[in-house]
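First comes the structure, then the notes that go with it.
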Amino acid sequence: MYCRPARQENGDPVTASETAIATAEAYSAHNYHPLPVVVATADGAWLTDVEGRRYLDLLAGYSALNFGHGNRRLVEAAKAQLDRVTLTSRAFHHDRFADFCTGLAELCGMEMVLPMNTGVEAVETAVKTARKWGYRIKGVPDNRAKIVVAAGNFHGRTTTVISFSTDPEARADYGPYTPGFEIVPYGDPTALENALTENTVAVLLEPIQGEAGVLVPPPGYLPTVRRLTRERNVLFIADEIQSGLGRTGRTFACEHEAVVPDMYVLGKALGGGIVPVSAVVSSREILGVFRPGEHGSTFGGNPLACAVALEVIAMLRTGEYQQRATELGEHLHHELGLLSGGGAVEAVRGRGLWAGVDIAPAHGSGRRISEKLMERGVLVKDTHGSTIRIAPPLVITKEDLDWGLDQFRSVLSGR
């Protein structure tokens, strides 16, 4: 049967993208406000929509795609595992689990791994770990444990995690909130020190705050946090879900100041953009507080996740991606820095292949700038109204990066 194509009010045919977006809007909850692009395929740093238009990806899935779209090593690892076994649950052992835990512990310089799936699951696991350690090891009285966090944080959106968020959009209408957290200004060591008490079990921080606009703390802040937590017998938990695994030019952002936390919280790039993989990595004393049945996840540490993550670990061991993030990151920040004096850009922050660019209000909102870049074939995402986040896959070429930056300049100049 012949079906006449749908048309808009002006008579123009409705595109495949418009149809897909309208259907998604009708049948999915509106918890996101995505740009109006419908991706069909992707390769490396490039995306292609359902109409065949190509876009340069300068977001990389919020750092989940550090190694690019369709990375052959990772895809082949996933395909090979798909033909063998994908899930056993933790009711049984499987032949990829031990290698994954060993490899990730070694990459982190730690002793034990507790695998989960999503980043926020790993943060919840870190919170539970710190509290249990506080009661079992430190001797904090029952139900008195306190965790100190930073204002402007983004650790996920579960009920407990948004309980210590300072973002009104994340918190509104979700109370009552989980107690046991104290919020201090990010980058202020004096405020942090004053918040520590005998009942403090952990300090949970992002070494660089991503969602807040790629905020890098003042030099010496992380070493001071490390010193204070050691002196007060408090765990230092580094949420490296976005900042870790090569993004900033080091395996972990903490390394830029020679800091080793008590616990890493990892996710996003650990799954190579193929499957959700997250983990808490720490010492035997800290993660050894768990006993069977006290915490878990059916899919945590599944064979498919372990196979992909093992390949990610092998790739990071070469140092190639950290080096690319360092070299291309220096170029990125040099070029973005040149924009700061033109009136359109108020500030540029970041480290490695990761930047937050504050747009002057007179030049449009972050959303509007993102839409204009999309029209030119470049995909970024705004945050907090006026900030553009730039985080391309670490495999991007210098030529492609320069082309994307040229489009950014053109948008800002109104050309």
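Tabulated data for the structure shown
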| read-out | value |
| --- | --- |
| Dimensionless Rg over Rh [segment 1-160; C-alpha; Kirkwood] | 1.09 |
| Of all DSSP beta bridges in the chain, antiparallel share, percent nearest 5 | 65 percent |
| For segment 131-284: Kirkwood Rh in Å [reciprocal of mean 1/r, alpha carbons] | 16.0 Å |
| Of SER365, SER63, SER278, the one that fluctuates the most in a GNM where the chain has Cα springs shorter than 10 Å | SER365 |
| For segment 148-197, diffusion coefficient by Stokes-Einstein and Kirkwood Rh (Cα), 25 °C, 0.890 mPa s, µm²/s | 216 µm²/s |
| Whole-number Å³ per residue for the convex hull built on Cα positions in segment 209-364 | 152 Å³ |
| Accessible surface, segment 1-149, averaged per residue in Å² (probe 1.4 Å) | 58 Å² |
| Inter-centroid distance (Cα atoms) of segment 193-226 relative to segment 282-300, Å | 25 Å |
| In degrees, nearest ten, helix 97-108 long axis to first principal axis of the chain (Cα) | 90 degrees |
| Residue-normalised accessible area of segment 164-321, expressed per residue, 1.4 Å probe, Å² | 37 Å² |
| Gaussian network model of the chain, Cα within-10 Å springs - most flexible of TRP403, TRP46, TRP133 | TRP403 |
| Accessible area of the chain belonging to carbon and sulfur atoms, whole % at 1.4 Å probe | 52 percent |
| Largest to smallest accessible area among GLU399, GLU25, GLU240, GLU311 [probe 1.4 Å] | GLU399, GLU25, GLU311, GLU240 |
| Solvent-accessible area of HIS384 with every protein chain in place, 1.4 Å probe, in Å² to the nearest 10 | 110 Å² |
| Aspartates and glutamates with Cα under 14 Å of LYS138, excluding same-chain neighbours fewer than 8 positions away | GLU198, GLU231, GLU285 |
| Evaluated over the chain, the Cα radius of gyration and Dmax, each in Å | 22.2, 77 |
| Between helix 221-231 and the chain: long-axis angle, C-alpha atoms, 0 to 90°, nearest 10 | 20 degrees |
| Surface accessible to a 1.4 Å probe, LYS268 within the full protein complex, Å² | 70 Å² |
| Per residue value of the accessible surface for segment 341-415 (all protein chains in place, 1.4 Å probe), Å² | 38 Å² |
| Mean Cβ count within 10 Å, highest first, over the residues of peptides 321-328, 181-188, 64-71, 110-117 | 64-71, 110-117, 321-328, 181-188 |
| Amide hydrogen neighbours beyond the local backbone of GLY350, cut-off 5 Å, H modeled | VAL216, GLY356 |
| Extension reserve of the ILE183-ASN199 stretch, reckoned as 0.36 nm per residue once the Cα distance is removed | 4.3 nm |
| Distance histogram for segment 234-313 (every C-alpha pair counted, 5 angstrom bins, percent rounded to whole numbers) | 3, 14, 21, 22, 21, 13, 4, 1 |
| Computed over segment 316-397, Kirkwood Rh from alpha-carbon pairs, angstrom | 13.4 Å |
| Under the Karplus curve 6.51 cos²θ - 1.76 cosθ + 1.60, θ = phi - 60°, whole-Hz ³J(HN,Hα) for segment 149-162, x wherever Gly or Pro sits | 10, 10, 4, x, 5, 9, 10, x, 9, 6, 4, 5, 5, 6 |
| Linear extension gain, SER89 paired with THR23, 0.36 nm per residue minus alpha-carbon span | 20.3 nm |
| Helix-only CD estimate at 222 nm, as mean residue ellipticity for the chain, using -39500 (n - 2.57) per DSSP H run (n ≥ 4) | -10000 deg cm²/dmol |
| Top of LEU394, LEU338, LEU192 by mean-square fluctuation, Gaussian network on the chain, Cα under 10 Å | LEU338 |
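The values are calculated or read from the model by the stated rules, or taken from the named source; none is laboratory data. Bear in mind the structure is a predicted one, so any value in this text is a computation, not a measurement. Note that we place each Cβ from the backbone using ideal geometry, even for glycine, and neighbour counts take in every protein chain shown. Keep in mind that these areas ignore ligands, DNA and RNA; they rest on the heavy atoms of the full protein, side chains included. Shrake-Rupley method; radii C 1.70, N 1.55, O 1.52, S 1.80 Å.
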